[in-house]
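One structure is given here, and the rest of the page talks about it.
The values are calculated or read from the model by the stated rules, or taken from the named source; none is laboratory data. Since the model is a prediction, treat every value here as computed from it, not as a measurement. Don't worry about glycine lacking a Cβ; one is built from the backbone with ideal geometry, like all the others, and counts go over all protein chains shown. SASA here: full protein model, heavy atoms, side chains in, ligands and nucleic acids out. Shrake-Rupley method; radii C 1.70, N 1.55, O 1.52, S 1.80 Å.
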Amino acid sequence: MYIRNLKIFANHGVMPEEKRLGQLFVLSMELDLDLKKAGRSREISDTVHYGELCEAVSREFVRETYDLIETAALNIAEFILREYPLIRGVKVFLQKPWAPVKMQLDTIEIMVERRWHRAYIGLGSNMGDKEENLKHAMRRLEEKGHTKILKCSSFMETEPWGYADQDKFLNAVIEADTFLEPEELMDMLMAIETKLGRKREIKWGPRTMDLDVLLYDDLISNEEKIILPHPLMQDREFVLKPLKEIAPYLIHPVLHKSITVLLENIPVSTYNDIS
């Protein structure tokens with residue numbers, strides 16, 4: 001679905017005059033939306049009412065004032081994904097025809113894209129109230145609307161790995177939709193760990209909360225902040241067992257084997273010497 005050239009008068013901009021006087025902005029949106037169901041059913045509930053969406057976007061666009069049009073466009077993209085579950089992705093094109101530039105031009109235009117991604121996240125805790133720690137972490141994951149938990153495995157008690165002189169862990173894996181990019185998701189998980197009191201003092205040692213991105217779509221990457229898929233997940237029973245419970249036929253994008261097969265073939269020697 002395409003919505004082109006929605007004109008909105010708003011007060012965004014770095015210059016004081018832009019905030020005081022306001023100016024015209026032109027929004028276009030490209031929505032990733034399956035229209036076949038509505039085409040067959042003829043029901044408005046199976047699609048997005050573009051009139052209502054335009055009104056909602058217009059209200060949201062003027063609700064706050066931003067210095068940068070990049071911020072305004074990103075906010076609109078995330079607003080659309082949060083408010084319209086049928087939309088899987090969105091590109092927002094924002095034009096600023098009256099940009100304060102001392103040259104002749106038609107417009108300044110930027111594009112911001114956001115879309116939902118499927119992620120699998122491992123959770124573990126072996127300090128304090130372990131069950132409450134896991135539940136608290138999941139609540140924080142969802143509190144800002146950028147991540148939605150779809151499934152959660154059972155909470156499973158497991159033996160510690162890598163550093164034996166510590167309490168048993170409580171582990172789980174969640175399946176989630178998120179419109180955060182991998183590094184953004186990792187930053188958020190680390191912030192939750194810190195908020196819940198994790199201290200990185202002993203490698204593989206006790207922790208109130210441990211959060212790991214196991215898989216993110218079928219993405220394969222080797223970035224400094226986050227390696228995908230998680231490089232040790234195929235060796236970890238405490239990861240594969242809860243993951244199998246919620247996604248037994250999920251295929252590892254590097255090893256090309258299902259989670260069920262990986263768990264069946266996990267090396268026995270890794271049970272106690274890798275974390």
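Among the residues examined, Arg115 does not qualify as at pLDDT 95 or above and out of contact with any strand residue (DSSP E or B) (no Cβ under 8 Å at 6 or more places or on another chain). Would you confirm whether or not the stretch 80-94 contains a residue that is within 14 Å of His12 (Cα to Cα), among the aromatic types (Phe, Trp, Tyr), at pLDDT 95 or above and not in a helix (DSSP H, G or I)? No, the stretch 80-94 has no match at all.
In the stretch 35-53, the residue that is nearest to Arg4 (Cα to Cα) out of those that are open to solvent by 30 Å² or more (accessible area, probe 1.4 Å) and among the hydrophobic types (A, V, I, L, M, F, W, C) is Leu35. Residue check: Phe61 meets all listed conditions (1) surrounded by fewer than 18 Cβ atoms within 10 Å (Cβ to Cβ); (2) touching a Leu at 6+ places or on another chain (Cβ under 9 Å) but one, namely (1). If the condition is being touching a residue at least 60 places away in the same chain (Cβ under 8 Å), of a type outside the set (Gly, Ala, Ser) and not in a strand (DSSP E or B), then the stretch 106-133 contributes Thr107, Trp116, Asn126, Met127, Asn133. Among the candidates Thr147, Thr158, the residue that is in contact with a Leu (Cβ under 7 Å, 6 or more places away or on another chain) and hydroxyl-bearing (Ser, Thr, Tyr) is uniquely Thr147. The residue of the stretch 226-245 that is nearest to the chain's Cα centre (by Cα), among those that are closer than 12 Å to Phe155 by Cα and among the hydrophobic types (A, V, I, L, M, F, W, C), is Leu243. Per the conditions (1) open to solvent by 70 Å² or more (accessible area, probe 1.4 Å); (2) in contact with a strand residue (DSSP E or B) (Cβ under 7 Å, 6 or more places away or on another chain), the sole criterion not satisfied by Leu27 is (1).
Please identify the pairs in which a residue from the stretch 79-90 that is under 20 Å from Glu64 (Cα atoms) has its Cβ atom under 7 Å from the Cβ atom of a residue that is of a type in the set (Asp, Glu) and part of a helix (DSSP H, G or I), counting only partners at least 6 apart or on another chain. The qualifying pairs are Phe79/Glu60. Considered as a group, the residues in the stretch 95-105 that are open to solvent by less than 40 Å² (accessible area, probe 1.4 Å) and part of a loop (DSSP other than H, G, I, E, B) include one that is farthest from Lys19 (Cα to Cα), and that residue is Pro97.
The residue pairs whose first member lies in the stretch 194-221 and is exposed (fewer than 14 other Cβ atoms within 10 Å of the Cβ), whose second member is of a type in the set (S, T, N, Q) and modelled with pLDDT of 80 or more, and whose beta carbons are closer than 7 Å, counting only pairs six or more residues apart or on different chains, are Gly197/Thr208.
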